[in-house]
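Taking it in order: structure first as structure tokens, then the write-up.
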Amino acid sequence: MFERFCGLVAAFVLFGTIGAVEAQTISVPAQPTFAKDVAPILQKSCQNCHRPGNIAPMSLLRYQDVRPWARAIKQQTTLRNMPPWYISRTVGIQRFKNDPSLSDDEIALISRWVDNGAPMGDERDMPPPRKFDDNDRWHIGDPDVVVKLKQEVLVKAKAPDYWADLDLEDLGLKTDRYIQAIEVKPIKGVKAVHHAVAQSRFEDEQGNLQQGLLEEYAVGKFGDIYASDTGRLIKAGTQAYVNVHLHANGEDTPVQIALGIKYYPEGFVPKHIENVQHVGDNEDLDIPPNTKNVRADGYSVLLQPARITAFQPHLHNRGQAQCLELIYPPQVSGGRAPKETVSCVDRYHFNWHIVYLYSEDEQPIVPAGTVLHVTSWFDNTAGNKYNPDPTNPIAFGQRSIDDMSFSWLSWYNLSDDEYKQMLAERQDKSKRLSASR
Ligand code: HEC
């Protein structure tokens, strides 16, 4: 069974790669213009952040805004720094639900346009302006409940970074409920909010305090909507708070944060319960000054068969790269544990906390006993642009100038039967797909 499973994964990864190549058949025009060719790409992939009042430093709405940035745009798109999406394009799973990255042809088109002098072209070719998804819109649909910080926080123009747990208003939960979708975000002072992690606090029957992760906000991330038969349990009486990391941005900035939750109907129990947890933590970090490629490993075990839905590396300023490897239990293939690397973020950018949501067809379906092996690398040299001081040795800690090493992993457990059935379905699909090629 395990060998079969591994073969299957290989087939899917391969298929993903072939699919990506096939998708890139749009040809690059010889004389691309802003109006006809470039503006649609910027609308689709850039303007959501690059517009007045949003998180990016400059607007890319109009030709006159964009023209002075042409060289930088060529550079940042060619390096694949923009739009932010740093998963390896050569290792592991290649299909995601939320991949905003440009195709090779789109990048080539932008490059050619810049090399030709970044011409405007014919005004009449301009697409109608894009309508925006605003920050104050809920991306998860209409929440059933919205709670805000009990008190706004003022981030002074100049102030040291600030970490705190801030209470949210009462969730008012009278019964246990299952969460269908959840979103947390700043609704005021976006530019001052580095992180906002909504957590839950709940006293169990024994009077023990139980705390958990509800949802993380990071620039560019807008909530989680679970699959139709999947939810997360939240117990009656649970309260929520946010762990924030705020930083000064040169002007006094009031910050307000909101958490929105959509529940399944009362009494409804979804088939699968989604977990979102730290895995592969390593708190024994020892990162010498002026050194890069410093490695740390951590391990966790999945006790039941599971379907893994998302991966998000968590590192701080010195973060350089992270990979997630799955090591399968050895009981089948003569004691030899097969293993595979499912995801690597090969150019970790501290500024960006991106959740990589696996496409349904590539979500790893793994047996009980699978070991999650998280490997991180750190760059404590001046070559790392997020490094505030390469002369310091770095250890584990909460401040962003300390470091951390773990992945946020999202998965749901399966019964043995579901596990077998899901594998069989995937194998069928894989067969059909290879037959149809
Ligand atoms: C998710 C939000 C987001 C998206 C989408 C995005 N950007 Fe950015 N961009 C930023 C932010 C924020 C910065 C500031 C630097 C940083 O934090 O990385 C930036 C920086 C840049 C810079 C460097 C500016 C400088 O000061 O040198 C360029 C050029 C750029 N973006 C172009 C683009 C282009 C072109 C696209 C689309 C293909 C794009 N960006 C998509 C948020 C975004």
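The values are calculated or read from the model by the stated rules, or taken from the named source; none is laboratory data. This is a predicted model, so every value here is computed, not measured. Please note: Cβ atoms are built from the backbone with ideal geometry, for glycine as well, and neighbour counts cover all protein chains shown. Remember, those area values only see protein heavy atoms, side chains included, never the ligands or the DNA or RNA. Shrake-Rupley method; radii C 1.70, N 1.55, O 1.52, S 1.80 Å.
Quick notes on this structure:
- Accessible area (Å², 1.4 Å probe, nearest 10) - T230: 0
- Considering only alpha-carbon pairs that sit under 8 angstrom and 6 or more positions apart, the relative contact order computed for the chain is 18 percent.
- Here each label is just a point 7 Å from Cα along the line to Cβ, and for Q421 and Q331 those points are 2.1 nm apart.
- Rounded if a/c under 1.5, otherwise prolate or oblate - the chain, Cα gyration tensor axes: rounded
- A Förster distance of 60 Å, applied to the separation of the beta-carbon atoms of T381 and E266, puts the FRET efficiency at 0.65.
- Taking amide hydrogens as placed 1.01 Å from N in the peptide plane, the amide H of Y358 sits under 5 Å from those of K97, A310, F311, each at least 5 positions away in sequence or on another chain.
- Within the same chain, lysines fewer than 8 places from K420 are excluded, and of the rest, those with a Cα less than 29 Å from its Cα are K97, K271, K339, K429, K431.
- Look at the alpha carbon pairs under 8 Å that are at least 6 residues apart: their mean separation over the length of the stretch 302-365 gives a relative contact order of 47 percent.
- Working from label points 7 Å from Cα in the Cα-to-Cβ sense, the E123 to N249 distance is 3.3 nm.
- Summary value for the stretch 31-125: 45 percent relative contact order, contacts being C-alpha pairs under 8 angstrom separated by 6+ residues.
- Distance distribution note for the stretch 145-270: the fraction of Cα pairs above 27 angstrom is 22%.
- Sparse-neighbourhood loop sites, trypsin sites (Lys or Arg not before Pro) in the stretch 232-291 - DSSP loop, at most 16 other Cβ within 10 angstrom: K235, K271
- Value of [θ]222 nm, deg cm²/dmol, for the chain, DSSP H segments ≥ 4, -39500 (n - 2.57) each, nearest 500: -5500 deg cm²/dmol
- Derived scalar couplings between HN and Hα for the stretch 81-88 equal 7, 10, x, x, 5, 10, 6, 4 Hz in order, rounded to whole Hz, by the Karplus curve 6.51 cos²θ - 1.76 cosθ + 1.60 (θ = phi - 60°), x for Gly and Pro.
- Cα centroid of the stretch 56-92 to Cα centroid of the stretch 281-344, whole Å: 30
- Formal net charge of residues neighbouring T238 (Cβ-Cβ distance under 12 Å; K, R +1; D, E -1): +1
- K420 accessible area, assembled protein chains, probe 1.4 Å, Å²: 110
- Accessible heavy-atom area order of R89, R426, highest first, probe of 1.4 Å: R89, R426
- Residues whose amide H comes within less than 5 Å of that of I187, counting only those at least five positions distant or on another chain, are Q256, I257, A258 (H built at 1.01 Å from N in the peptide plane).
- Under the Debye formula (equal points on every Cα, no solvent term), log10 I(q)/I(0) of the stretch 275-425 at q = 0.09, 0.10, 0.14, 0.20 Å⁻¹: -0.32, -0.38, -0.68, -1.14
- Of all DSSP bridge pairs formed entirely within the chain, close to 95 percent run antiparallel.
- For the stretch 197-210, 3J(HN,Hα) computed residue by residue from phi via the Karplus equation (6.51, -1.76, 1.60; θ = phi - 60°) reads 10, 7, 10, 10, 9, 8, 9, 7, 4, 7, x, 7, 7, 10 Hz, glycine and proline entered as x.
- The length gained on full extension between K44 and S436, counted as 0.36 nm times the residue separation minus their Cα-Cα distance, comes to 138.0 nm.
- Against the criterion of solvent-accessible heavy-atom surface with a 1.4 angstrom probe, T291, T78, T309 sort, most first, into T78, T291, T309.
- Helix runs (DSSP H) in the chain reaching 24 Å along axis by Cα, Kyte-Doolittle at least -0.5: 2-23
- Derived scalar couplings between HN and Hα for the stretch 177-182 equal 9, 10, 7, 9, 7, 8 Hz in order, rounded to whole Hz, by the Karplus curve 6.51 cos²θ - 1.76 cosθ + 1.60 (θ = phi - 60°), x for Gly and Pro.
- Positive-end residue, the stretch 31-125 charge dipole about Cα centroid, Cβ charges, pick of F34, S111, Q94: Q94
- On the chain, 51 percent of the accessible area sits on carbon and sulfur atoms, based on a 1.4 Å probe.
- Residue-level accessible surface for R177, protein heavy atoms, 1.4 Å, Å²: 40
- For the stretch 198-248, applying the loop criterion from DSSP together with a ceiling of 10 other beta carbons within 10 Å to the GluC sites (Glu not before Pro) yields E205.
- Compared with the direct C-alpha span, the chain from Q75 to K131 gains 17.5 nm at full extension, assuming 0.36 nm per residue.
- Accessible surface for the chain, divided over its residues, is 47 Å² per residue with a 1.4 Å probe.
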